[in-house]
Each structure stands twice: as structure tokens, then as C-alpha cells.
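> Encoded as C-alpha cells, here's the structure I'll be asking about.
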Amino acid sequence: MTQKIGFRILAATALAATLGACATTKTVDQKIAEAQAQTSKKIESVEGQVEDLQTKQKATDTHLSQTDAQLAELSQEAKDALKRAQDAGVLAKGKVVFQETFKEDRVKFKVNKYDLDKNAQAALDDFAGKVKALNEQYYVEIQGHTDDTGGRKLNDELGERRADEVRRYLSRTAQLPLNRMSTISYGDTLPVAPNKTKKGRAENRRVVIVVLE
């Protein structure tokens, strides 16, 4: 009788151990499966992030290529204006909207003069209307140029006076904000025509206005 009881106890113990082992194995398998599922989700998430980064990089590369192409088409005056504005931190988009050159056919400057006649004022009024039509914030650089009559110092000062005169007119008459406009003089350093002829010198006495965002 005692032996039978002992055998039953051993059998029950063995069964319990077997059932416990099965339960443990199932738990381990379940945890492994859950871990594998989580790992798969993390991998998919990382792969998705990598794809997003690659897409963004391609878009950036495309934008940079377009920007390089656009910069290549800009005049030296526009490139200079863009760099100065970027260095000063006054741009939101960092791009040139448009550029206008006012010379003998629209803004006539006599030798050593910086006065604006009625034709010049009308041309600047048209320009101001185009600027006011912009929906975005803008920044304007006004660049004064001269012919090579006179010395370097005189031409630098004359170019600055021409740019300042335009800035004053655009502010006082055309009501463009004064704090969105700056001036610079190129003097006689960037001619667009030979200074050997009267017509060429007249073309070089000009003002260039660059509008940026």
C-alpha cells in the first residue's frame, strides 16, 4: 500500500514537472515571438525613416541644383546683393526676386550729377508698384554706378549719392519702407559699356536695384 502511494506521488510529481516544463516552453516561445514581432516593427520603422531621409535628401539635392542653376544666371550685382543680404541675416528665403537697371533710357544722370528728373521718377514709381505687389517680405538693395570720369574716391561718393537719392525717393514718394532698403556704391568698377565713348559713359552712369526675399 505504501509503495502504491509512493508511486502515485512520484507519478504526480513527474506529471507536474512535465506540465510545468510545457508551460515554461510555451511562455518562452510566446516571449520570443513577441520579441521577434517588436524587432520586426522596429526594423520596418527604421527602414521607413531611412526612406524618408533618402527622399528628403533627393529633394534637397534637386533644390540645390536648381539654386546653383539660378545663381549661375544672376548678374554679378545680384549675386553680390544676395550674399550681402544673407550675411546680414535679412532674408527669409534667400533668393533674388528680380533686378532692374535704370540707365540713360529711363534714369538719366548727367556727369557728376545724381538728380532725378520726371522720367526717372516715373520709372521708379513703376518699380515701386511691382515691389508693393509682392506678397512676401522683401528686401531692396540699390546700387550706384558711375563712368570713369574723375578719380576713384569721387566716383565712389557719386555712386553712393545716386543710390541714396533713389532710396529717398522710393521712401518718401513711393512709400517703400526705409528699413527694407540699403545702398551701396560700385563707383566705376563695374562698367557695362566702354568708357571711351560718350554713349558708353552715359550707360555706365546708372542705378541697379535688386529685390530679394
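> Residues in region 124-145: is at least one polar (S, T, N, Q) and closer than 23 Å to Lys198 by Cα?
yes
> Looking only at region 165-179, count every residue that is touching a residue at least 12 places away in the same chain (Cβ under 8 Å) and surrounded by fewer than 16 Cβ atoms within 10 Å (Cβ to Cβ) and tell me the total.
Matching residues across region 165-179 total 2.
> On to the next question. How many residues are at pLDDT below 90 and over 17 Å from Asp188 (Cα atoms) when one looks only at region 71-89?
Looking only at that region, the number is 4.
> A further question on this structure: Criterion first (of a type outside the set (D, E, K, R) and more than 13 Å from Val208 (Cβ to Cβ)) does Ala163 satisfy it?
no
> Can you pull out every residue in region 172-191 that is of a type in the set (Lys, Arg) and over 27 Å from the mean Cα position of the chain (by Cα)?
Of everything in region 172-191, just one residue is of a type in the set (Lys, Arg) and over 27 Å from the mean Cα position of the chain (by Cα), namely Arg172.
> If a residue must be among the polar types (S, T, N, Q), assigned to a helix (DSSP H, G or I) and surrounded by 22 or more Cβ atoms within 10 Å (Cβ to Cβ), how many such residues does region 109-155 contain?
So the answer is 1.
> Moving on to the next point. Give just the number: which of (1) out of contact with any Pro (no Cβ under 6 Å at 6 or more places or on another chain); (2) at pLDDT below 95; (3) over 18 Å from Glu77 (Cα atoms) does Leu176 not satisfy?
The one condition Leu176 does not meet is (2).
> Do any residues in region 133-158 that are in the same structural domain as Val97 (by TED's automatic domain parsing) and within 20 Å of Asp115 (Cα to Cα) have Cβ atoms under 7 Å from those of residues that are among the β-branched types (Val, Ile, Thr) and assigned to a loop (DSSP other than H, G, I, E, B), where the two are at least six apart or on different chains, and which pairs are they?
Taking only residues 6 or more apart or on different chains, the pairs are Thr149/Val111; Asn155/Thr146; Leu158/Thr146.
> Also: Go through (1) under 28 Å from the mean Cα position of the chain (by Cα); (2) modelled with pLDDT under 95; (3) under 18 Å from Phe109 (Cβ atoms) and name the single condition Ala202 misses.
Just one mismatch for Ala202, condition (1).
Quick grid of which residues meet (1) of a type in the set (A, V, I, L, M, F, W, C); (2) outside any strand (DSSP E or B); (3) in contact with an Asp or Glu (Cβ under 6 Å, 6 or more places away or on another chain); (4) farther than 15 Å from Gln121 by Cβ:
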site	(1), (2), (3), (4)
Glu160	no, yes, no, yes
Arg168	no, yes, no, no
Ser171	no, yes, no, no
Gln175	no, yes, no, no
Ser182	no, no, yes, yes
Ala193	yes, yes, yes, yes
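> Within the set of pairs 6 or more residues apart or between chains, which connect a residue that is within 22 Å of His145 (Cβ to Cβ) and assigned to a loop (DSSP other than H, G, I, E, B) inside region 61-88 to a residue that is at pLDDT 75 or above and among the polar types (S, T, N, Q) with Cβ atoms less than 8 Å apart?
Here the result reads Leu74/Gln99; Ser75/Gln99, each pair linking region 61-88 to a residue that is at pLDDT 75 or above and among the polar types (S, T, N, Q).
The values are calculated or read from the model by the stated rules, or taken from the named source; none is laboratory data. Bear in mind the structure is a predicted one, so any value in this text is a computation, not a measurement. Glycine gets a Cβ as well: all are built from the backbone with ideal geometry, and neighbour counts include every protein chain shown.
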